[in-house]
Amino acid sequence: MTGGNELGELMLDPDEAQRKMDRWAAGLEEKAQRYAAAQERTEQLRLTASSSDGAVKVTVGADGGVTDIEFGNKARTYPLEELSRQILQTMHQAQSGIANQVAEVMQESLGDEDQETRALMIGTLRSRFPEMEEEESSDPPAPPPPATSADTPPAPREKRHEAPDDEENSPW
């Protein structure tokens with residue numbers, strides 16, 4: 001804040017008042033550009049994690065949203081429940097790095113500016129996407145052995161529709 005004496009001096013010298021306001025406005029514009037650059041870099045962030053056996057690979061953006069999922073051949077051997085667990089675990093693993101990556105971008109773009117605001121924002125990201133703790137084994141359990149005929153009753157026979165030859169390319 002300006003003291004009463006400084007305000008009086010500015011009123012006596014309108015040109016100096018204009019120069020100070022111009023410098024202040026230029027500073028705000030520069031700050032806005034740094035924040036816009038930080039936002040753009042943050043929006044471009046992508047974090048990728050893979051399951052330990054390579055069955056699942058998940059990529060997320062800085063907002064935590066999934067941008068890509070890839071499956072390795074091993075994923076075909078998992079029961080759906082296990083595959084679902086692997087996807088979620090790998091997604092959380094990728095998301096756990098968001099706060100650190102955003103903090104790094106902000107430090108590079110903004111330096112030590114607005115530490116309080118930055119701490120609040122990074123704290124919010126850390127609560128939404130906590131760092132994952134090391135697990136004893138991140139390998140998924142082996143898929144169960146195939147059921148034998150003694151384990152399960154025979155499946156009912158499916159009635160199949162035979163397509164005429166002219167419908168050879170029909171998916172039905």
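The values are calculated or read from the model by the stated rules, or taken from the named source; none is laboratory data. Bear in mind the structure is a predicted one, so any value in this text is a computation, not a measurement. Neighbour counts are summed over all protein chains in view; Cβ atoms, including those assigned to glycine, are modelled from backbone coordinates with ideal geometry.
Checking each residue in segment 111-130 for being assigned to a loop (DSSP other than H, G, I, E, B) and closer than 27 Å to T90 by Cα picks out F129, P130. Of the residues contained in segment 45-64, one or more are found to be exposed (fewer than 13 other Cβ atoms within 10 Å of the Cβ) and among the basic types (K, R). Flag: P141 matches the condition of being modelled with pLDDT under 50 and in contact with a helix residue (DSSP H, G or I) (Cβ under 8 Å, 6 or more places away or on another chain). For first residues located in segment 18-35 and in contact (Cβ under 8 Å) with a residue 40 or more places away in the chain and exposed (fewer than 10 other Cβ atoms within 10 Å of the Cβ), partners that are among the small types (G, A, S) and assigned to a helix (DSSP H, G or I) and lie 6+ apart or on another chain with Cβ distances below 9 Å do not occur. Within segment 84-103, residues that are part of a helix (DSSP H, G or I) and crowded, with 17+ Cβ neighbours inside 10 Å sit with their Cβ atoms under 6 Å from residues that are modelled with pLDDT under 95 and among the β-branched types (V, I, T), at 6+ positions apart or across chains, in these pairs: A99/I122; V102/T42.
Among the residues making up segment 40-66, those that are part of a helix (DSSP H, G or I) and under 14 Å from the mean Cα position of the chain (by Cα) are R41, T42, E43, Q44. For segment 46-67, the set of residues classified as hydrophobic (A, V, I, L, M, F, W, C) and at pLDDT below 95 consists of A62 only. For segment 104-121, a residue qualifies if it is surrounded by 17 or more Cβ atoms within 10 Å (Cβ to Cβ) and without any contact (Cβ under 8 Å) to a residue 60 or more places away in the chain, and exactly one does: R118.
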